[in-house]
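Student: The structure's right below; bear with me while I get my questions together.
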Amino acid sequence: MIAAYGLALGVLAGLLMEPSIPEALAPYLPIAVVAALDAVFGGLRAHLDGVFDDKVFVISFVSNVLIAATIVYLGDQLGVGGQLSTGVIVVLGIRIFSNVAAIRRHVFHA
Amino acid sequence: MPEPPTSPPEGSTKRSLRSQLFVGLLLAVLGFAAVAQMRLTRDDTDYSGQRREVLIELLDSLSSAAERTLVQVDELERTRDELLSSSERRQIAIDEAESRLQVLEVLTGTVAATGPGVTITITDPEDSVAAASLLNGIEELRDAGAEAIEINDTVRVVASTFFTEQDGEVRIDGVAVRPPYLIDAIGSSHTLSEAVIFPGGLADEIERLGGTVSVEEANLVEVGSLHSIDAPEYSQPTEG
């Protein structure tokens, strides 16, 4: 419940504050958001499986974001930033799809 | 603050609450970042959020487009210059043709002409002035550079003009001309009057025949009679 409130609060704050993103962070933010989404869907699936653990969720969330950002940063340094971001997005997209599929099975039993 | 170990249920609730708050905080950060990123993407009109490679590609395509456009501009400018110079040439040709047309029109007597010149009046009380004398006079005027000549305000003297006599009358181009003869000639008025009154010239000849000649120099002589020309029937211009 608190998690849902937090999400709503964050969206509201983003809408109201109209934040400007620092130039240095601009390339990493989209990847970080997708990585965080992956962690969130993973957490939701675990919750429905009855094995949700706060600690695991927090660690997976933070590490997902950091690893994704690091990969993109490395890619930028190596000159393959565009390709590597695409790769990261694809992998995270696949994970999100499989997590959502599991959630769907829980919710709709189908 | 350390939890009292004696109340595990309460502590576990507190820890669970704290980690739930932590999860909520993370999700709040996620929502905030997602909204911010969406806003950035939607407002991204100044390329500030683009990757370096994309920007370089954009720049490349822009500069090659600019190059192509410059080449086109060059070509179009060249075409414009060519058109301008050709239309200029055409205008020059038209001007030349027009001035030539004017000269020819005056020479062939198809237009009226005005200009400085002389008016010569020849009286012939004894009816003794013949066509030959008038022709001599005209030749003298032509020799003096007369550009347009008419007689009695009725006959324009041109290249094909002929003088005949019939029944004691002088006929010019078939038109009867009676004395007093009035010759209008356009040209240098002084030279023309000299051509008439020089010793042994037209004036002397007429006076020997019993007539009189008066020459009047004028700044504006009008030659109003016209000569109609027919297209040549036999002769054709040759090339070159």
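Student: Would you kindly state the longest site-free stretch of chain B, with sites defined as chymotrypsin sites (Phe, Trp or Tyr not before Pro) in a DSSP loop (not H, G, I, E, B) surrounded by at most 11 other Cβ atoms within 10 Å?
Tutor: Counting only loop sites that pass the neighbour cut-off, the longest clear stretch is B:48-161.
Student: If you take the alpha carbon radius of gyration of the stretch B:168-240 and divide it by 2.2 N^0.38 Å, what ratio comes out, to two decimals?
Tutor: For the stretch B:168-240, the normalised Cα radius of gyration comes out at 1.52.
Student: What's the carbon and sulfur percent of chain B's accessible surface, probe 1.4 angstrom, rounded to a whole number?
Tutor: 56
Student: Skip the ligands, DNA and RNA, and give the accessible area per residue of the protein assembly as shown with a 1.4 Å probe, whole Å².
Tutor: In whole numbers, the protein assembly as shown has 65 Å² accessible per residue.
Student: Under a point spin-label approximation (7 Å from Cα along Cα-to-Cβ), what is the residue B:139-residue B:74 distance to one decimal in nm?
Tutor: In this crude label model, residue B:139 to residue B:74 measures out at 6.9 nm.
Student: Residue by residue through the stretch B:83-99, what is 3J(HN,Hα) from phi via Karplus (6.51 cos²θ - 1.76 cosθ + 1.60, θ = phi - 60°)? Round to whole Hz and write x for glycine and proline.
Tutor: 4, 4, 5, 5, 6, 5, 4, 4, 4, 4, 4, 5, 4, 4, 4, 5, 5
Student: Starting from the Cα of residue B:154, step 7 Å along the direction of its Cβ; do the same at residue B:21; then give the gap between the two resulting points in nm.
Tutor: Going from the residue B:154 label point to the residue B:21 one covers 13.3 nm.
Student: With label points built 7 Å along Cα→Cβ from the Cα atoms of residue B:123 and residue A:108, find their separation and express it in nm.
Tutor: 13.2
Student: Sorted by accessible area (1.4 Å probe), largest first, how do B:147, B:239, B:139 line up? Mind showing how you got there, number by number?
Tutor: Values: B:147 115, B:239 175, B:139 85 Å².
Order by accessible area, largest first: B:239, B:147, B:139.
Student: For chain A, what are Rg and Dmax over the alpha carbons, in angstrom?
Tutor: So, for chain A, Rg and Dmax equal 15.6, 46 Å respectively.
Student: Which Cα, out of B:201, B:21, B:236, lies furthest along the positive dipole direction of chain B (beta carbon charges, K/R +1, D/E -1)?
Tutor: Going by the Cα projections, it comes out as B:21.
Student: Which of B:109, B:168, B:158 sits farthest toward the positive end of the charge dipole of chain B, with +1 on the Cβ of Lys and Arg and -1 on the Cβ of Asp and Glu?
Tutor: B:109
Student: How big is the dipole moment of the protein assembly as shown about its Cα centre under a simple scheme where the beta carbon of each Lys and Arg is +1, that of each Asp and Glu is -1, and everything else is neutral? Debye, nearest 20, please.
Tutor: It works out to roughly 5940 debye.
Student: Applying the Karplus parametrisation 6.51 cos²θ - 1.76 cosθ + 1.60 with θ = phi - 60° to the phi angles of the stretch A:96-108, what ³J(HN,Hα) value in whole Hz is obtained for each residue in order, glycine and proline being reported as x?
Tutor: 5, 4, 5, 4, 5, 4, 5, 4, 4, 4, 5, 6, 9
Student: Oh, and also: Quick one: Debye curve from the C-alpha atoms of the protein assembly as shown, no solvent, what's log10 I(q)/I(0) at q = 0.09, 0.12 Å⁻¹?
Tutor: Once normalised to I(0) and log-transformed, intensities are -0.74, -0.95.
Student: Moving to a separate point now. State, in square angstrom and to the nearest 100, the accessible area buried between chains B and A, both chains counted, probe radius 1.4 Å.
Tutor: Summing both chains' loss of accessible area gives about 2500 Å².
Student: Same structure again: Dipole size in debye (nearest 20) for the stretch A:24-109 around its Cα centre, Lys and Arg Cβ +1, Asp and Glu Cβ -1?
Tutor: On the way: 5 positive and 5 negative charges, 48 e Å.
Its charge dipole is roughly 240 debye.
Student: Still on this structure: For the stretch A:12-21, what does the Karplus curve 6.51 cos²θ - 1.76 cosθ + 1.60, with θ = phi - 60°, yield as ³J(HN,Hα) per residue in whole Hz, taken in order and with x for Gly and Pro?
Tutor: 4, 4, x, 5, 7, 7, 6, x, 9, 8
The values are calculated or read from the model by the stated rules, or taken from the named source; none is laboratory data. If you're wondering where the values come from, they're calculated on a predicted model, not measured in any experiment. For neighbour counting, all protein chains shown are included, and Cβ atoms are generated from backbone atoms with ideal geometry for every residue, glycine included. Calculation scope for accessible area: heavy atoms of the full protein, side chains included, ligands and nucleic acids excluded. Shrake-Rupley method; radii C 1.70, N 1.55, O 1.52, S 1.80 Å.
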